[in-house]
Every structure is written in C-alpha cells, then in structure tokens.
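Working notes, structure below.
The values are calculated or read from the model by the stated rules, or taken from the named source; none is laboratory data. The structure displayed is predicted, hence computed values, not measured ones. Methodologically, a virtual Cβ is constructed for each residue, glycine included, from the backbone with ideal geometry; neighbour enumeration extends over all protein chains shown. Side chains included, ligands, DNA and RNA excluded: accessible areas come from the protein's heavy atoms. Shrake-Rupley method; radii C 1.70, N 1.55, O 1.52, S 1.80 Å.
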Amino acid sequence: MFKNAILASLTGGLITWGLTTLGSALVFLFLGGIKKRILSIMYGFAAGVMVAASFWSLLLPAIDLSSKNEITKWLIPTLGFLLGTLFIWILDKILPHMHFFNGEALKEGPNTKLSQLTLLFLAITVHNIPEGLAVGVAFGAYFIGDPNFTLASAMALTIGIGIQNFPEGAALSLPLVSTGVSKWKSFLLGSLSAIVEPISAVIGAIAVTKMQIILPLALAFAAGAMIYVVVEELVPEAVDKQDNHAGVFGFIIGFTIMMILDVSLG
C-alpha cells in the first residue's frame, strides 16, 4: 500500500488536514451561527479522541517498548511525556498567539502588533503540530518493524485524529464568523492551520526511522504534547460554566470511538 514511511506519514497527515478543511467548510452551511452547546460537544469530542489516542496509541506502546530495556520501564515514557508538554509550553511562551475562550479573545506570549487573525492562526497551527507528529511516529514505527505497530494501528490513529479534526475545524472556524470575520477568511484560517500536520508527520517519521532508538521517547513526547493541548485549549472550551454536560458527553463519545478504533485495529 505504501512504499516507505515518508509517503505513508505524508498521506496520513494530508488525510487529517483534509478532514480539518471539511470541518471548516461548515461555515458555509450554518448561516445563522452555531449554538454554544454544539461547540462544547465538538471541543469535548476532540479532547476525548486525543486523550484516548495519547494513551492507547502512544503511551501504552512506549511503556511496552521501555519494559524490554534494562532501564526502569517508566523512566523513558515519563521523560518523553514531560518533554512533550514542555515543548508546547515553551512554544506558548515564545510565540505570540491568541485563544478564544467562551467567546473572549485572550492574547498569550510576547507583545506584538500582529493582527488578531494572525495571532489566532499561530495558536491553532502550533497546537496541530502534536497530532501530525503522532501520525508520523506511528507510521515510522510500523516501517521499522516494531511489533507494537501494524499498518492498521497507524491508520486507526490517523482516522481517529482525522475524525476529531472535523469538529475541531468547525469549532475553530464557526466562532470567527460571529466576530465579524468573513466566511471565506474563517474557512481558510481553519483549513490552513492544519497544513502543519502533514509537515510534522513527515518530520516524526524521519526522526523515528533514522534514529530507531528514540521510538519510545518519541511516542511519549507526542502524547505529552497532545495532552497539553487538550488541557490548555480544548477542555476549557468544552466545559461551559452554565452547562458543562454537553462537553462532558462529547468527551466520552470521542474517547470511546478512539478506544474502539485502536483496540479493534491495533
């Protein structure tokens, strides 16, 4: 099906990017905007998928691989997980960007004169990097012959991230329209923010195939980066003070779907 890890990871990244684009295209269908409860479900669903993928597809294989080494089996996964969270935290500190939390624009990072749209684009782009890395690392692990990964399990992770990217793309683009941004700009912003996924997927695959010894560290690194994004960005948007049940059930559904995908295809 695929000749090498780079081609496979690039294809996987393009799939996740394409589903983000499809989700962003919902701005052309919801002419009157979208209810906050629906957005909460979307964010909760995306968070659930990413948490399940972080554990079933990344951390669990990292722990299994580490148990075969003479080093304490929890050490490498713990180190990789912490490095992944630290990586995103550092990017948050050094890169100017902006988030929307319950409709309120909040700037982060150093002061800048960049426009709000540019700052939002940077925020979304940075937080899509871990998803691309996860896809690339999974395909890289399969192509180096690691028994913990099959082509089906790498595809399951890709499909899971792609599924959560659809509502995530919508949840990113739809609120922009209500702030006065045109539908086309909102669509393009949501779509282009995920173009980093195929790029980071290729980087992840190259790193694993060229330096096979770092595989458990790379798996845990991607998991840590994804969990940081979930806690910092997705959960606050999913859980509304007035009605938090919608986001919670969205999370449960997303987690369940990703768990089924990974267990059945992994």
- [ ] Could you work out how far helix 5-24 tilts from the main Cα principal axis of the chain, as a 0 to 90 degree angle to the nearest 10?
- [x] 20
Task: Exposure of residue 256 as accessible area (Å², to 10), given a probe of 1.4 Å and all protein chains - done: 50
Task: Long-range amide H partners of residue 108 with built H, under 5 Å - done: 97, 98, 99
Open item on the list: Run the helix sum for the chain: -39,500 (n - 2.57) per DSSP H stretch of 4+ residues, divided by residue count, reported at 222 nm to the nearest 500 deg cm²/dmol.
Closed with: -23500 deg cm²/dmol
Open item on the list: Going through the cross-link list 36/185; 35/183; 36/93; 36/113, which pairs have a Cα-Cα distance over 24 Å in this structure?
Closed with: 36/93; 36/113
- [ ] Would you give the gap between the C-alpha center of region 175-199 and the C-alpha center of region 147-172, rounded to a whole Å?
- [x] 20
Open item on the list: Loop by DSSP (not H, G, I, E, B), at most 15 other beta-carbon atoms within 10 Å: where is the longest site-free stretch of the chain for trypsin sites (Lys or Arg not before Pro)?
Closed with: 114-240
TODO: Springs between alpha-carbon atoms under 10 Å, Gaussian network over the chain: tell me which of 91, 59, 157 tops the mean-square fluctuations.
DONE: 91
Open item on the list: What does the C-alpha gyration tensor say about the overall shape of region 139-266? Classify as rounded when a/c is under 1.5, otherwise prolate if a/b is larger than b/c, or oblate.
Closed with: prolate
Task: Alpha-carbon spread of region 204-266, three principal axes, descending order, Å - done: 50, 28, 14
- [ ] Mind running the shape call on the chain? Use the C-alpha gyration tensor, a ≥ b ≥ c as the square roots of the eigenvalues: rounded below 1.5 for a/c, prolate if a/b tops b/c, oblate otherwise.
- [x] prolate
Task: Between region 42-68 and region 211-266, the Cα center-to-center distance that results, in Å - done: 7
Task: Gain in span if fully extended, residue 64 to residue 212, counting 0.36 nm per residue against the direct Cα distance - done: 51.8 nm
Task: Tensor-based shape of region 124-165 (alpha-carbon gyration tensor, a/c under 1.5 rounded, otherwise prolate or oblate) - done: oblate
Task: In nm, spacing of pseudo-spin labels at residue 28 and residue 4 (7 Å Cα→C-beta vector) - done: 3.7
